[in-house]
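Right, I'll just put the structure down here and ask away after.
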Amino acid sequence: MPELPEVEVVRNGLQPAVTGATIESVEVLDERSLKRHDGPAEDFVERLTGAQLRGAVRRGKFLWLPIERVGDAPAEALVAHLGMSGQVLLREPQAEAAPLTRIRFALAHPVHGPLRVDFVDQRIFGSMAVDALLPTRDGAAAGFGLPLASIPSQVAHIARDPLDPAFDERAFLRRLAAKRTTIKRALLDQTLVSGIGNIYADEALWAARVHYDQPTESLSRPRARALLDEVRIVLRRALDEGGTSFDAQYVNVNGASGYFSRSLRAYGQQGTPCARCGRLIVREQFMNRGSHFCPRCQRIRRVRSSTA
DNA sequence: AGCGAGCCCTGCGCGC
DNA sequence: TGCGCGCAGGGCTCGC
């Protein structure tokens with residue numbers, strides 16, 4: 001659910017609270033939220049208790065907090081993925097656990113004092129884990145938030161996201177053209193480009209007037225580049241508006257909703273007129289979820305690209 | 001390679 | 001009021 005903008009809003013809110021803070025205690029209320037952790041809950045708790053947090057980093061929809069034990073460079077990180085319904089909430093130290101809280105942390109910050117971080121997740125598709133940090137292959141910073149060129153092992157296969165300064169646009173376009181699949185599938189493939197989910201895929205495709213089932217091999221390079229531009233535009237705009245909230249499921253670290261749902265042009269807009277041409281937006285089943293598009297503006301084009 | 005299906009889960013809104 | 005169904009911002013694994 002949370003896509004790049006929503007995860008970035010969380011990272012941004014978390015950063016000042018966790019940077020330099022020490023984890024005093026960890027409480028695992030539901031072990032299912034540790035499914036990505038390689039080891040029992042006791043191990044998770046033990047590796048985090050007393051550790052110091054260096055900051056908050058994000059690549060695509062993955063978020064992690066590098067940790068260090070006195071003096072050493074970070075070798076491990078607390079990794080979080082929000083899945084469909086995960087939240088990270090900053091709370092007062094004495095606050096009661098909100099419903100569906102799965103993991104709680106008590107932090108001590110040298111400036112802000114004691115504070116609590118709650119990982120809340122209705123569907124438990126999200127998870128937390130302590131994971132080893134590995135050097136990035138290209139030597140660049142692993143993600144947004146810290147100039148640290150190491151990445152959790154379980155995030156290493158995730159491509160850089162299109163807002164990352166080290167995102168290799170030429171390599172992306174080359175790989176996209178070489179794929180034998182359709183365009184929405186490719187946009188959702190986190191090993192090709194990360195951070196895009198069902199909402200922003202539909203929004204970017206609408207903006208670029210590309211049909212979701214357009215074969216990637218038939219997408220000309222200029223159109224592919226234009227689509228990538230639209231992806232960036234929609235991600236940035238959503239970020240500026242605090243992300244997309246439909247209900248209390250997605251909120252920032254303080255429990256507040258984002259406003260981008262008012263700006264959606266395709267996602268969830270079935271039955272309403274296309275903002276460009278007035279034709280009604282339709283919803284079709286695709287990859288076991290909905291695809292929303294304008295049947296007039298977004299048609300499959302049988303135009304071959306010039307590549308041989 | 002790529003793709004569909006199945007799996008991990010809970011809760012909401014809807015129609016009957 | 002109650003129940004069953006379909007729906008939901010994701011991702012991993014398996015077998016074809």
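Between rounded, prolate and oblate, where does the stretch A:19-144 land on the alpha carbon gyration tensor, with a ≥ b ≥ c its root eigenvalues, rounded for a/c under 1.5, else prolate if a/b exceeds b/c? Show your work: numbers first, answer last.
Numbers: a/c = 1.56, a/b = 1.18, b/c = 1.32.
Taking the square roots of the gyration eigenvalues as a ≥ b ≥ c, the stretch A:19-144 is oblate.
While we're looking at this one, here's another question. Would you tally the net charge around A:GLN270, using a Cβ to Cβ cut-off of less than 11 Å, leaving A:GLN270 out, and scoring K and R as +1, D and E as -1?
Working: positive: A:ARG283; negative: A:ASP202, A:GLU284.
Its environment carries a net charge of -1.
Separate question: Based on Cβ point charges of +1 for Lys and Arg and -1 for Asp and Glu, what charge dipole magnitude is obtained for chain A about its Cα centre, in debye rounded to the nearest 20?
Once rounded to the nearest 20, the dipole reads 2140 debye.
Once the other residues with Cβ under 13 Å from the Cβ of A:VAL79 are scored (Lys, Arg +1; Asp, Glu -1), what is the net sum?
Working: positive: A:ARG11, A:LYS35, A:ARG36, A:ARG47, A:ARG58, A:ARG59, A:LYS61; negative: A:ASP38, A:GLU76, A:ASP131.
After counting each charged neighbour, the total is +4.
While we're on this one: Can you tally the net charge around A:LEU148? Count Lys and Arg as +1, Asp and Glu as -1, for every other residue whose Cβ sits under 15 Å from the Cβ of A:LEU148. Spell out each step's value before the answer.
Values: positive: A:ARG11, A:ARG54, A:ARG58, A:ARG59, A:ARG137, A:ARG160; negative: A:GLU68, A:ASP72, A:GLU76, A:ASP131, A:ASP138, A:ASP164.
So the environment of A:LEU148 carries a net charge of 0.
With +1 assigned to the C-beta of every Lys and Arg and -1 to the C-beta of every Asp and Glu, and no other charges, what is the dipole magnitude of the stretch A:1-62 about the Cα centre in debye, to the nearest 20?
Numbers: 9 positive and 11 negative charges, 80 e Å.
Using Cβ point charges on Lys, Arg, Asp and Glu, the stretch A:1-62 gives about 380 debye.
Turning to a different aspect of this structure: Using a basic spin-label model with each label point 7 Å from the Cα along Cα→Cβ, how many nm lie between A:TYR259 and A:ARG221?
4.1 nm
Explain nothing, just the number: relative contact order of chain A, from Cα pairs under 8 Å at least 6 residues apart, as a whole percent.
With pairs under 8 Å counted, the relative contact order is 17 percent.
How much length would be gained if the chain were fully extended between A:ARG236 and A:ALA95, taking 0.36 nm per residue of separation minus their Cα-Cα distance, in nm to one decimal? Before the final figure, lay out the partial values.
Numbers: separation 141, 0.36 × 141 = 50.76 nm, distance 3.33 nm.
Gain on stretching A:ARG236 to A:ALA95: 47.4 nm.
So if each residue of separation counts as 0.36 nm, and I subtract the Cα-Cα distance between A:GLN270 and A:ASP168, what length gain in nm does that give?
Details: separation 102, 0.36 × 102 = 36.72 nm, distance 3.45 nm.
Gain on stretching A:GLN270 to A:ASP168: 33.3 nm.
Right, next: Using only Cα atoms, locate the centre of the stretch A:161-197 and the centre of the stretch A:13-42, then give the distance between them in Å, rounded to an integer.
Spelled out, the Cα-based centre of one part sits 31 Å from the other.
Still on this structure, please answer the following. Take chain A, connect every pair of alpha-carbon atoms lying under 10 Å apart with a spring to form a Gaussian network, then pick out the residue of A:VAL193, A:VAL45, A:VAL130 with the largest mean-square fluctuation.
A:VAL45
Quick one: dipole size for the stretch A:174-255, taken about the Cα centre, charges +1 on Lys/Arg Cβ and -1 on Asp/Glu Cβ, in debye to the nearest 20. Don't skip to the answer; put the middle values down first.
Values: 13 positive and 10 negative charges, 121 e Å.
Approximately 580 debye in magnitude.
Please name whichever of A:ALA256, A:CYS274, A:GLY243 sits farthest to the positive end of the charge dipole of the stretch A:241-293, dipole taken about the Cα centre and charges placed at Cβ: Lys and Arg +1, Asp and Glu -1.
Sorting the options by dipole projection puts first A:CYS274.
Name the most mobile residue of A:LEU235, A:LEU280, A:LEU187, meaning the one with the largest mean-square fluctuation, in a Gaussian network model of chain A with Cα contacts below 10 Å.
Evaluated over chain A, the most mobile residue of the options is A:LEU280.
Could you compute the FRET efficiency for A:ALA177 and A:VAL111, with r as their C-beta to C-beta distance and R0 at 45 Å, rounded to 0.05? Show your work: numbers first, answer last.
Working: r = 50 Å, r/R0 = 1.11.
Efficiency at R0 = 45 Å is approximately 0.35.
Additional query: What is the stretch A:12-93 by shape, rounded, prolate or oblate, if you read a ≥ b ≥ c off the alpha carbon gyration tensor as root eigenvalues and call it rounded for a/c under 1.5, prolate for a/b larger than b/c, and oblate otherwise?
Working: a/c = 1.35, a/b = 1.09, b/c = 1.23.
Rounded.
Here's a follow-up. Assuming 0.36 nm per residue, please report the length gained on full extension of the stretch A:GLU24 to A:ASP138 beyond their Cα-Cα distance. Intermediate values should be presented prior to the final figure.
Details: separation 114, 0.36 × 114 = 41.04 nm, distance 3.50 nm.
Difference between extended and current length: 37.5 nm.
Next question. Would you mind calculating the relative contact order of the stretch A:61-203 from Cα pairs under 8 angstrom and at least 6 residues apart, reporting the percent as a whole number?
Taking the mean separation of contacting Cα pairs over the length of the stretch A:61-203, I get 19 percent.
With an 8 Å cut-off on Cα pairs and a minimum separation of 6 or more residues, tell me the relative contact order of the stretch A:143-273 in percent.
Values: 150 pairs, mean separation 26.9, N = 131.
This gives 21 percent for the stretch A:143-273.
Projecting each Cα onto the charge dipole of chain A (Lys/Arg +1, Asp/Glu -1 at the beta carbon, about the Cα centre), which of A:ALA226, A:ALA73, A:HIS112 comes out farthest on the positive side?
Most positive-ward Cα: A:ALA226.
None of the figures in this text is laboratory data; all of them are computed from the coordinates on show. Quantities reported herein were computed from a predicted structural model and do not represent experimental measurements. We place every Cβ from the backbone using ideal geometry, glycine too, and count neighbours over all the protein chains shown.
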